[in-house]
Amino acid sequence: MTMFYLIHLKTLPFLFLLHTQLAKSFPVAPEHLEKKNLEIAENYLKRFYHLPSTQFRDAGRSSIMVAEKLKEMQRFFGLAETGEPDSATMEMMAKPRCGVPDSGDFMLTPGNPKWTHTNLTYRIINHPSQLSRDEVRRAIERAFQIWSVASPLTFTEISQQEADINIAFVPRDHGDNSPFDGPNGILAHAFQPGLGIGGDVHFDSEETWTQDIRNYNLVLVAAHEFGHSLGLSHSSDHGALMYPNYAYTEPSTYSLPQDDINGIQTIYGPSNNPIQPTGPSTPTACDPHLRFDAVTTLRGEIYFFKDKYFWRRHPQLREVDLNFISLFWPFLPTGLQAAYEDFDRDLVFLFKGRQYWALSGYDLQQGYPRDISTYGFPRTIQAIDAAVSYKGKTYFFISNQCWRYDNQRGSMDPGYPKSIASTFPGINCRVDAVFLQDSVLLFFSGPQYLAFNLVTHRVTRVARSNVWLNCT
């Protein structure tokens, strides 16, 4: 957007932008698709990585400059630095995100602007048609609370005098050189701390604002924008509230991630609470202590679940990308404990506590979640550690025991549970996750995995778990 280059830094707006994905309804010639991808990539790089417009570039250096800017973008998102608009890069470019450029300092706004006082005031000018004024007030209060818990900042709503942060729902061109574009484009923008318009937040009144997973949750968008209002820029931490891409998380239980806590405390100092708050940290693929919550295959891909995230590994791609569970399945809980693919029915089952869900591809099947008693588990079983399906049988691992379920009969096999060690010799540890690849079961226990050959019936390999995430 040209506004990024025309507006002075002190009034630079921060925007939420939803990218539309390429239509997949009709076949596209490879050369046309390549040209289209390059056009999308160049527009993305102009908007977020300051790639000069073609008219300001020497034709001979154009492709070199695009390649360098692509590498910069790929480096920020942790992608392979190919310098080409490959599939992983184009997929990242298509994700919903905030519209502020990613280059530069990704935690503090350039120039380190901040409020000189900590008792900030805010004023809600109006509200959108979908929500009442009270619903908006509660959402805004919750969004500010996310930041006040981790800092010495306080936020007080006022209705008359001039506030530090003015909040308004406005359409299209609303007088700040940053017009909105109607539904499903730019969602909101905020201005960094300062006088006048500084700190103010504008939401597109033509969007559908909600209190749940539908469309755009006001608490989450507001909390991200308030981070900009307080002086924070973007973070390259996938799990941070200030990460560019938007993903739904349940607002009522949302805890500010540690990366955002570090950012706000860098500007304003520690919280006034006697016990300093700590937040969740985003798991890193090459952490030597990494252990998975659950692992499953899904139509040829492998999904490694951890907390509210999962890594997605495709057999033909080198890249293993980290995603929010909620970005793909907003109805699933975080902290899944077991998962398996039923190849015969083309379904994936996921478990947490005594509940489980069934997916066909990325779609939730009707009638879920269900209770694990439908498998025949007694009330004494409160959770499943791991599960895998093989030749019409599903094996469930709970503590040091293995249960076997007959998929066709729909009941547990007699003689089970048995000890894991007697069923799978050499697996003498608690199983965190397991999946099937060819004729080998991959058992994950802590930071290591064991490969159990179903033909020879023995363990043939032991290695670190995160080699599956390309860590050497």
Filter pass, THR266 being farther than 22 Å from GLY78 by Cβ and surrounded by 17 or more Cβ atoms within 10 Å (Cβ to Cβ): no
First in the stretch 184-204 and surrounded by fewer than 24 Cβ atoms within 10 Å (Cβ to Cβ), second anywhere and at pLDDT below 90 and hydroxyl-bearing (Ser, Thr, Tyr), Cβ under 9 Å, 6 or more apart: ASN184/THR20; GLY185/THR20; ILE186/SER178; PRO193/THR109; GLY194/THR11; GLY196/THR11; ILE197/THR11; GLY198/THR11
Members of the stretch 441-472 found to be of a type in the set (A, V, I, L, M), under 18 Å from LYS391 (Cα atoms) and surrounded by fewer than 15 Cβ atoms within 10 Å (Cβ to Cβ), listed by number: LEU454, VAL455
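Do any strands (runs of 3 or more DSSP E) lying entirely in the stretch 406-466 carry at least 1 residues that are over 23 Å from LEU298 (Cβ atoms), and which ones are they?
Numbers: elements: 433-437, 440-445, 448-453, 458-464.
So the answer is 448-453, 458-464.
Residues ILE420, ILE372, ILE384: which one is in contact with a helix residue (DSSP H, G or I) (Cβ under 9 Å, 6 or more places away or on another chain) and at pLDDT 95 or above?
Numbers: ILE420 fails: in contact with a helix residue (DSSP H, G or I) (Cβ under 9 Å, 6 or more places away or on another chain); ILE372 fails: in contact with a helix residue (DSSP H, G or I) (Cβ under 9 Å, 6 or more places away or on another chain).
Answer to the selection: ILE384.
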Per-region count, the stretch 147-168, residues open to solvent by less than 10 Å² (accessible area, probe 1.4 Å) and outside any loop (DSSP other than H, G, I, E, B): 3
Residue list for the stretch 354-408, filter: touching a residue at least 24 places away in the same chain (Cβ under 8 Å) and over 16 Å from GLU341 (Cα atoms): ARG354, GLY376, PHE377, ILE381, GLN382, ALA383, SER399, ASN400, TRP403
So ARG142, is it among the basic types (Lys, Arg), surrounded by fewer than 16 Cβ atoms within 10 Å (Cβ to Cβ) and in a helix (DSSP H, G or I): no
Subset of the stretch 269-313 [more than 17 Å from VAL434 (Cα to Cα), open to solvent by less than 60 Å² (accessible area, probe 1.4 Å) and in contact with a strand residue (DSSP E or B) (Cβ under 9 Å, 6 or more places away or on another chain)]: THR282, PRO283, ALA285, LYS308, TYR309
Within the stretch 1-82, helices (runs of 4 or more DSSP H) holding 1 or more residues that are out of contact with any Phe, Trp or Tyr (no Cβ under 7 Å at 6 or more places or on another chain) and either under 26 Å from ARG318 (Cα atoms) or modelled with pLDDT of 85 or more (or both): 30-48, 59-77
Check on ASN126, at positive phi, in contact (Cβ under 8 Å) with a residue 40 or more places away in the chain, open to solvent by 30 Å² or more (accessible area, probe 1.4 Å) and of a type outside the set (Gly, Ala, Ser): no
Residue in the stretch 237-244 that is farther than 28 Å from PRO110 by Cβ and open to solvent by 20 Å² or more (accessible area, probe 1.4 Å) present: no
Residue count for the stretch 446-472, restricted to those that are in contact with a Lys or Arg (Cβ under 8 Å, 6 or more places away or on another chain), free of Cβ contacts under 8 Å to residues at least 24 places away in the same chain and not hydrophobic (A, V, I, L, M, F, W, C): 2
Looking only at the stretch 423-457, and only at residues there that are in contact with a strand residue (DSSP E or B) (Cβ under 7 Å, 6 or more places away or on another chain) and among the charged types (D, E, K, R), the one that is modelled with the lowest pLDDT: ARG430
Any hit, the stretch 258-268, residues being in a loop (DSSP other than H, G, I, E, B) and either touching a residue at least 60 places away in the same chain (Cβ under 8 Å) or out of contact with any Leu (no Cβ under 7 Å at 6 or more places or on another chain) (or both): no
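Is it the case that some residue within the stretch 210-218 is out of contact with any Ser or Thr (no Cβ under 9 Å at 6 or more places or on another chain) and surrounded by 21 or more Cβ atoms within 10 Å (Cβ to Cβ)? Give the steps one after another, and end with the answer.
Of the residues in the stretch 210-218, the ones out of contact with any Ser or Thr (no Cβ under 9 Å at 6 or more places or on another chain) are 210-212.
If we keep only those that are surrounded by 21 or more Cβ atoms within 10 Å (Cβ to Cβ) too, we end up with none.
No, there is no match, as no residue in the stretch 210-218 is out of contact with any Ser or Thr (no Cβ under 9 Å at 6 or more places or on another chain) and surrounded by 21 or more Cβ atoms within 10 Å (Cβ to Cβ).
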Odd one out for ASP176, checked against (1) modelled with pLDDT under 95; (2) open to solvent by 10 Å² or more (accessible area, probe 1.4 Å); (3) within 28 Å of the chain's Cα centre (by Cα): (3)
Looking only at the stretch 310-342, and only at residues there that are modelled with pLDDT of 95 or more and among the aromatic types (Phe, Trp, Tyr), the one that is farthest from ARG370 (Cα to Cα): TRP311
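Filtering the stretch 265-289 down to residues that are closer than 19 Å to GLN145 by Cα and hydrophobic (A, V, I, L, M, F, W, C), which residue is nearest to the chain's Cα centre (by Cα)?
As a first pass, look at the stretch 265-289 and keep what is closer than 19 Å to GLN145 by Cα: 265-280.
Then drop every residue that is not hydrophobic (A, V, I, L, M, F, W, C), which leaves 267, 275.
On the way: ILE267: 25, ILE275: 28 Å.
Ranking the qualifying residues of the stretch 265-289, first place goes to ILE267.
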Residues within the stretch 122-143 that are touching a strand residue (DSSP E or B) at 6+ places or on another chain (Cβ under 7 Å) and of a type in the set (Lys, Arg), tallied: 2
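The values are calculated or read from the model by the stated rules, or taken from the named source; none is laboratory data. Values in this document were obtained by computation on a predicted structure and should not be read as measured data. Because the Cβ atoms are built from the backbone with ideal geometry, glycine has one as well, and the counts that use them run over all protein chains shown. Calculation scope for accessible area: heavy atoms of the full protein, side chains included, ligands and nucleic acids excluded. Shrake-Rupley method; radii C 1.70, N 1.55, O 1.52, S 1.80 Å.
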